[in-house]
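The next block holds one structure in the form of structure tokens; read it before the comments.
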Amino acid sequence: MSQIQAPITQDVLTIPRKLPEGARNLVGLTRPQLREALIEIGTPEKQAKMRVNQLWQWLYHWGVRDFAEMTNLAKDFRARLAENFVIELPEIVSKNVSEDGTRKYLVKIAGGHEVEVVYIPETDRGTLCVSSQVGCTLTCSFCHTGTQKLVRNLTPGEIVGQIMLVRDDLDEWPAPGTGTGENGPRLLSNIVLMGMGEPLYNFEHVRDAMKIAMDGEGIALSRRRITLSTSGVVPEIARAAEEIGCMLAVSFHATTDEVRDKLVPINKRWNIETLLEALRDYPRLSNSERITFEYVMLKDVNDSDEDARRLVRLIKGIPAKINLIPFNEWPGSPYQRSDWTRIRAFADIVHKAGYASPIRTPRGEDIMAACGQLKSATERARKSRAQIAAETGS
Ligand code: SAH
Ligand code: SF4
């Protein structure tokens, strides 16, 4: 449709290509950027705000991908949009569904790189675990992603695009005529930035993508339903409070600098004390109730009663919840999961000190979708070939 309505320019006939010349992707532009882009193609400044609102709703409320379907826009304006812009999402390469309903998507982004996105359905919510980078610059010793070098940061469009793709797959865009209100509980109701990458090392792009996800006229997820997880990039924590304002989780994982240096090497740059100082300020700055401390349970490494007691002492005064994550193994991982009795004993000490201490049920383990198991399939294949070579001594 859009092609028929768009005036045919000369080079369309002569140069074979997928996209119109210089076409810019609208997905991932912030409102001010979208406004600029519309003005650049000749939209009168006085109309720009209204046009941004209209486009925004088509893109992010209705999930429409074809300018021709944007029926409240004049035909010639739609044609101009189609000449200059595209609405593009990353591409789903494969989808695996776990026995427990968890869905893992392998998603291809520009340049042929791949990231993983995981959807975890629960009775009262559905959580999407979003990636922010291809690979990671950090090298946490228990994390599969950490064994993959950083390839590149994702763009805002690639980050918000993950949410849009999964809404497509869940068939969760509102049907035309259903109004703009909430239509019952959402399948995709929560976002956790806990996929591949360190979100605070891709700050601007993550911020812009989350702003889009939170915008009330579009995807409209409340900032309280978005949790950003960081390994502890201290200088960016206050900035996240001010510029994003979502919930914060921190990959704490150890109660002494000696152990944390090994598990989360960024600790050598910003140690436990420095990190705790930044965390103390977060709830006030972001107006959120509490911080989630993530604590991966590694057998005989960080799981003693003494660790639990030290943890409680360290976080004193910080409104917190402690998420205990049973370690998820991956091929070649150098650690083992703590025994369940040990995890429960640890949880008990933390709980008795007055903190919620849920033990995270591993989800999607059968499809390697659990925390810390994510890694691009192409990388995984390469790694396992290397491993096979090492094992066979060839
Ligand atoms: N880079 C960010 C977010 C991605 S990791 C961060 O480190 O916080 C998401 C969570 O999974 C982190 O708490 C991480 O420490 C944890 N994780 C990593 N590998 C894991 C594994 N093998 N088993 C269990 N949890 C793991
Ligand atoms: Fe990167 Fe987070 Fe994995 Fe550490 S735990 S290597 S910061 S993705």
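The values are calculated or read from the model by the stated rules, or taken from the named source; none is laboratory data. Bear in mind the structure is a predicted one, so any value in this text is a computation, not a measurement. Every residue, glycine among them, receives a Cβ derived from its backbone with ideal geometry; neighbour counts consider all protein chains shown. Ligands, DNA and RNA are stripped out before the accessible areas are found, and what is left, the full protein with its side chains, is counted by its heavy atoms. Shrake-Rupley method; radii C 1.70, N 1.55, O 1.52, S 1.80 Å.
Quick notes on this one:
- Table column - 3J(HN,Hα) (Hz), the range 228-244, Karplus curve with 6.51, -1.76, 1.60, x for Gly and Pro: 9, 10, 10, 7, x, 7, 3, x, 9, 5, 5, 5, 5, 4, 7, 9, 10
- Between E99 and A356, full extension at 0.36 nm per residue minus the direct alpha carbon distance yields a gain of 89.7 nm.
- Backbone HN-Hα couplings from phi across the range 106-117 [Karplus 6.51/-1.76/1.60, Hz, Gly and Pro as x]: 9, 10, 9, 10, 3, x, x, 6, 10, 10, 10, 10
- Kirkwood Rh and Cα Rg combined as Rg over Rh, evaluated for the range 75-202: 1.03
- Accessible surface of the chain [probe 1.4 Å, protein heavy atoms]: carbon and sulfur percent: 51 percent
- Length available on full extension from D66 to K268: 0.36 nm per residue minus the Cα-Cα distance, which gives 67.8 nm.
- Prolate/oblate/rounded label for the range 325-370 (Cα gyration tensor, a/c 1.5): prolate
- Principal axis extents of the C-alpha atoms in the chain (largest first, rounded to whole Å): 71, 56, 38.
- Cα Rg, Dmax (largest Cα-Cα span) when computed across the range 18-137, Å: 17.5, 54
- Amide H within-cut-off set for V296, under 5 Å, with H built and near neighbours excluded: H253, I325
- In this simple spin-label model, placing a label point 7 Å from the Cα along the Cα-to-Cβ direction at both R280 and L187 gives a separation of 4.6 nm.
- Label-point gap, in nm, between D169 and K149 - each point 7 angstrom along Cα→Cβ: 2.9 nm
- Whichever aspartates and glutamates have a C-alpha closer than 16 Å to that of K149, once near sequence neighbours (fewer than 8 apart) are set aside: E114, E116, E198, E379
- Cα centroid separation - the range 232-271 against the range 202-226, whole Å: 21 Å
- With θ taken as phi - 60° and the Karplus curve 6.51 cos²θ - 1.76 cosθ + 1.60 applied, the whole-hertz 3J(HN,Hα) list for the range 69-78 is 7, 7, 6, 8, 9, 4, 4, 5, 5, 4 Hz, x standing for glycine and proline.
- Take the Cα of E204, go 7 Å toward its beta carbon, and the backbone nitrogen atoms of the range 32-47 under 14 Å from that spot belong to 33.
- Rolling a 1.4 Å probe over the heavy atoms of the protein chains gives the chain an accessible area of 46 Å² per residue.
- Amide H partners (placed H, <5 Å) of D100, local residues excluded: G364
- As a length-normalised measure over Cα pairs under 8 Å and 6 or more apart, the relative contact order of the chain settles at 15 percent.
- Applying the Kirkwood pairwise sum to the alpha-carbon positions of the range 230-277 produces a hydrodynamic radius of 11.1 angstrom.
- Difference of contour (0.36 nm per residue) and Cα-Cα distance, D257 to K46: 70.3 nm
- For the range 236-343, the percent of C-alpha pairs falling in each 10 Å distance bin, counted from 0 to the bin holding the largest distance, reads 14, 44, 32, 10, 0.
- Radius of gyration and maximum dimension Dmax of the range 176-296, Cα, Å: 16.0, 59
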